[in-house]
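The structure appears right after this line, and notes come after that.
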Amino acid sequence: MKKQVMILTGAGQIGMAIARRMGYGMKLIIGDKRKENADAISDIMNKAGYDTVPVEMDLSSRDSIRSLIDTAQQYGDITMLVNAAGVSPSQASIETILKVDLYGTAVLLEEVGKVIVEGGTGVTISSQSGHRMPALGAEIDERLAMTPTEELLTLDVLQPSNIRDTLHAYQLAKRCNVKRVMAEAVKWGERGARINSISPGIIVTPLAIDEFNGPRGDFYKNMFAKCPAGRPGTADEVANVAELLMSNRGAFITGADFLVDGGATASYFYGPLRP
């Protein structure tokens, strides 16, 4: 029997929280660069009554993304996309961050956008980091939004010589994610589908706990101590927003980005987190 299919990329806490909220009764295809991560999340969800299939997938490879989509389509029509895959500034080089978080996300949105069914929805997880940079200007924004995916990494603004460090690369990638979502929302709309992004702040996950205990730990602890919420967030609070965006209650929302950061960005510009 054919089912409605959700693709979940990035087998972590945020992706799983959204998939648990939205994926009951569906076939869930869980893709991750590390197959053992996909296996682990798949096992947890299957034991909770979901119907999942773990798949090894490399977000930086168009062939790998197409293979994931082919697997998904064997089970039915793709009706939902949750993209929570990516690498963080302390995990990867400038080149890897651009190849995975920026180029890979753009390719995934493009490829799923070709096959998403009418009434389908997607969310991609961006980051508050994309909101920290000064404005890049209308011309660069348009290039990030509209440049054909295979030419994206040739843009001047994305040349490693123009990028200070891995955090700067990550900010650029996340800014690009938000712009691509806007441009893709127009194309998805032609199919009667919607796509949005969510930009979380500090969310407690195993990866974040590594960051708290790593060389930048004091920076993160200071950030959530001095944001209006006074604490880090949880994956389920991100899933609350995703549930709105992916359900019929969000039917008029597409091409938008939602900042879910406990006010850290507000504090960064206008409060005690000002640099």
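Here is the figure for segment 82-97: residues that are surrounded by fewer than 24 Cβ atoms within 10 Å (Cβ to Cβ) and either in contact with an Asp or Glu (Cβ under 6 Å, 6 or more places away or on another chain) or hydrophobic (A, V, I, L, M, F, W, C) (or both) total 3. Only residues that are more than 16 Å from the chain's Cα centre (by Cα) and under 22 Å from GLY15 (Cβ atoms) were counted in segment 249-266, giving 5.
Got at least one residue in segment 126-142 being buried (at least 17 other Cβ atoms within 10 Å of the Cβ), farther than 30 Å from TYR268 by Cβ and modelled with pLDDT of 95 or more? Within segment 126-142, none of the residues are buried (at least 17 other Cβ atoms within 10 Å of the Cβ), farther than 30 Å from TYR268 by Cβ and modelled with pLDDT of 95 or more. Of the set (1) within 22 Å of the chain's Cα centre (by Cα); (2) open to solvent by 20 Å² or more (accessible area, probe 1.4 Å), all apply to ASP218 but (1).
Listed here are the residues, each with its yes/no results for (1) under 30 Å from VAL115 (Cα atoms); (2) hydrophobic (A, V, I, L, M, F, W, C); (3) in contact with an Asp or Glu (Cβ under 8 Å, 6 or more places away or on another chain).
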| site | (1), (2), (3) |
| --- | --- |
| GLU184 | yes, no, yes |
| ILE195 | yes, yes, yes |
| ASN222 | no, no, no |
| ASN240 | yes, no, no |
| LEU244 | yes, yes, no |
| GLY250 | yes, no, no |
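Determine which single condition CYS176 fails, assuming it passes every other condition in (1) open to solvent by less than 10 Å² (accessible area, probe 1.4 Å); (2) more than 20 Å from the chain's Cα centre (by Cα). Unmet for CYS176, out of (1) open to solvent by less than 10 Å² (accessible area, probe 1.4 Å); (2) more than 20 Å from the chain's Cα centre (by Cα): (2).
For residues that are among the aliphatic types (A, V, I, L, M) and open to solvent by 20 Å² or more (accessible area, probe 1.4 Å), scanning just segment 184-205, find the one that is nearest to ILE94 (Cα to Cα).
The selected residue is ILE202.
Whether any residue in segment 238-252 is in contact with a Leu (Cβ under 8 Å, 6 or more places away or on another chain) and within 26 Å of ILE78 (Cα to Cα) is what I want to check. Even if it seems obvious, please write down each step before you answer.
Residues of segment 238-252 that are in contact with a Leu (Cβ under 8 Å, 6 or more places away or on another chain), as a first pass: 250.
From what's left, within 26 Å of ILE78 (Cα to Cα): 250.
Yes, that holds for at least one residue.
Having 2 or more residues that are of a type outside the set (A, V, I, L, M, F, W, C), touching a residue at least 40 places away in the same chain (Cβ under 8 Å) and over 16 Å from THR9 (Cα atoms) is the bar; report the strands (runs of 3 or more DSSP E) wholly within segment 46-165 that clear it.
Values: elements: 51-56, 76-83, 121-125.
Ranges flagged: 76-83.
Criterion applied to ALA235, ALA208 was being within 20 Å of GLY10 (Cβ to Cβ), touching a Ser or Thr at 6+ places or on another chain (Cβ under 7 Å) and open to solvent by less than 30 Å² (accessible area, probe 1.4 Å), and the one residue passing it is ALA235.
Selection of segment 1-34 for residues being of a type in the set (Val, Ile, Thr) and open to solvent by 20 Å² or more (accessible area, probe 1.4 Å) yields only ILE14. Looking at segment 245-275, which of its residues are open to solvent by less than 60 Å² (accessible area, probe 1.4 Å), touching a helix residue (DSSP H, G or I) at 6+ places or on another chain (Cβ under 9 Å), among the aliphatic types (A, V, I, L, M) and within 30 Å of GLY120 (Cα to Cα)? Answer for segment 245-275, where residues must be open to solvent by less than 60 Å² (accessible area, probe 1.4 Å), touching a helix residue (DSSP H, G or I) at 6+ places or on another chain (Cβ under 9 Å), among the aliphatic types (A, V, I, L, M) and within 30 Å of GLY120 (Cα to Cα): MET246, ILE253, ALA256, VAL260.
The values are calculated or read from the model by the stated rules, or taken from the named source; none is laboratory data. All values derive from a computational prediction rather than experimental measurement. Quick reminder, even Gly has a Cβ in these numbers, built from the backbone with ideal geometry, and neighbours come from all protein chains shown. Only protein heavy atoms, including side chains, enter the accessible area calculation; ligands, DNA and RNA are left aside. Shrake-Rupley method; radii C 1.70, N 1.55, O 1.52, S 1.80 Å.
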